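Input: a single structure, listed below in structure tokens.
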Amino acid sequence: MAAIALPVPYFIQPTPITCQSTCLKMMAMYLEREVVFQSTGAETIAIDQIWHEVNAAPGRPSASRNAHVNYKWWLEKRFPSLDFEYIQTGAEEDAASFITKSIDRRMPVLMSVSHERVAGHIILVIGYEDYMPN
């Protein structure tokens, strides 16, 4: 059985509304260190600044707060040499397959989930353990 965990830096989100910007900082720092091997400023940018850029910067694709397309846009601005996909599915098998394939390619997955206390939450998937596809 396979297990993998990417060496992504970990941060606790500083406020109840900064899950997306915390995950974006973690992902950007990982991409700098492990994929593009150059700085884009992720180490020094504050989580609240990322939140502001995603939700209020001019030129973002959606004026809606916490719009998923804005996360992709933010990553593409910082990492123009990389391709980022936006995939939407409710099928668990499809999601699990996409996630494990991405992790196997050494790419973390920014993911929207919901739970009983909030309608939406952003997490960064950095690995898996004992996953067996059907």
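The values are calculated or read from the model by the stated rules, or taken from the named source; none is laboratory data. A quick note: this is a predicted structure, and the numbers were derived from the prediction, not measured. In this analysis, Cβ positions are derived from the backbone assuming ideal geometry, glycine residues included, and neighbour counts consider all displayed protein chains. Note: areas computed on protein heavy atoms with side chains; ligands, DNA, RNA excluded. Shrake-Rupley method; radii C 1.70, N 1.55, O 1.52, S 1.80 Å.
For the reader, a short list of remarks on this structure follows.
- Computed from the alpha carbon atoms alone, the convex hull of the stretch 28-105 holds 107 Å³ per residue.
- Rounded FRET efficiency, nearest 0.05, which uses the C-beta distance separating ALA5 from ALA63 and R0 of 30 Å: 0.25
- Using a Förster distance of 41 Å, the FRET efficiency for ALA56-ILE87 (Cβ separation, nearest 0.05): 0.95
- Of all complete DSSP H helices in the chain, those with a Cα span along the helix axis of 15 Å or greater and a mean Kyte-Doolittle hydropathy of -0.5 or more are 19-31, 92-104.
- Per residue accessible area in Å² of the chain, where ligands, DNA and RNA are left out and the probe is 1.4 Å: 61
- The charge dipole of the stretch 1-127, taken about its Cα centre with unit charges on the Cβ of Lys, Arg, Asp and Glu (plus for the first two, minus for the last two), comes to roughly 260 debye.
- Share of pairwise Cα separations in the chain, more than 26 Å, in percent: 21
- Computed from the C-beta positions of ILE17 and GLU129 and an R0 of 35 Å, the FRET efficiency is 0.70 to the nearest 0.05.
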